[in-house]
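Quick note: the coordinates plus some simple rules give every number you see, no bench work behind them. Treat the numbers as computed from the prediction; the structure is a model and nothing was measured. Cβ atoms come from the backbone with ideal geometry, glycine included; neighbour counts cover every protein chain shown.
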């Protein structure tokens, strides 16, 4: 069982790297996409979508491996402190931020410039939440 938990932890860390890396890449691609003239956006949309998929896949990996590790290593959530529950609340906030960004991105791609503030809001909400999730994880599991 120890090997399985270690492999899940490794995969969890890969998910963190993908989520953070995708988010950082989006923080650079998104503003350039928004600032570009509409006729020049075609080159940036594939990057925006690719980085979004990397980040989303990373978060999906986290959402699968996290509960599996909690169940396999700790037998459930009964013994966790407030830091764990704060972490879980922030995970929900991050997922909401990702959803806001993705919905706004789709609207912006269809030509709705009113979606731009929501792209920024969702991205910042997700990024800040994920940083706080990692802080809480340190206190929850250490």
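Observations on the model:
- Highest-first arrangement of 88-94, 41-47, where packing means the average Cβ count within 10 Å: 88-94, 41-47
- Each part reduced to its alpha carbon centroid, the range 112-142 and the range 48-63 end up 14 Å apart.
- The chain - percent relative contact order, Cα under 8 Å, separation 6 or more: 26
- Segment residue 103-residue 49, length gained on full extension (0.36 nm per residue, minus Cα span): 18.2 nm
- Stretching the chain fully between residue 28 and residue 60 yields a gain of 9.3 nm (0.36 nm per residue, less the alpha carbon separation).
- GNM flexibility winner over the chain from 56, 36, 115 (Cα, springs under 10 Å): 36
- Were the residues from residue 37 through residue 124 laid out at 0.36 nm apart, the gain over their Cα-Cα distance would be 29.0 nm.
- With both labels modelled 7 Å from their Cα along Cα-to-Cβ, the residue 70 to residue 14 distance reads 2.3 nm.
- Comparing mean-square fluctuations of 98, 24, 82 from a GNM of the chain with C-alpha springs under 10 Å, the top value falls on 82.
- Once Rg and Dmax of the Cα atoms in Å is calculated for the structure shown, the corresponding label among (i) 14.5, 40; (ii) 13.4, 40; (iii) 17.0, 56 turns out to be (iii).
- Residues 139, 108 arranged by fewest to most Cβ contacts within 10 Å: 139, 108
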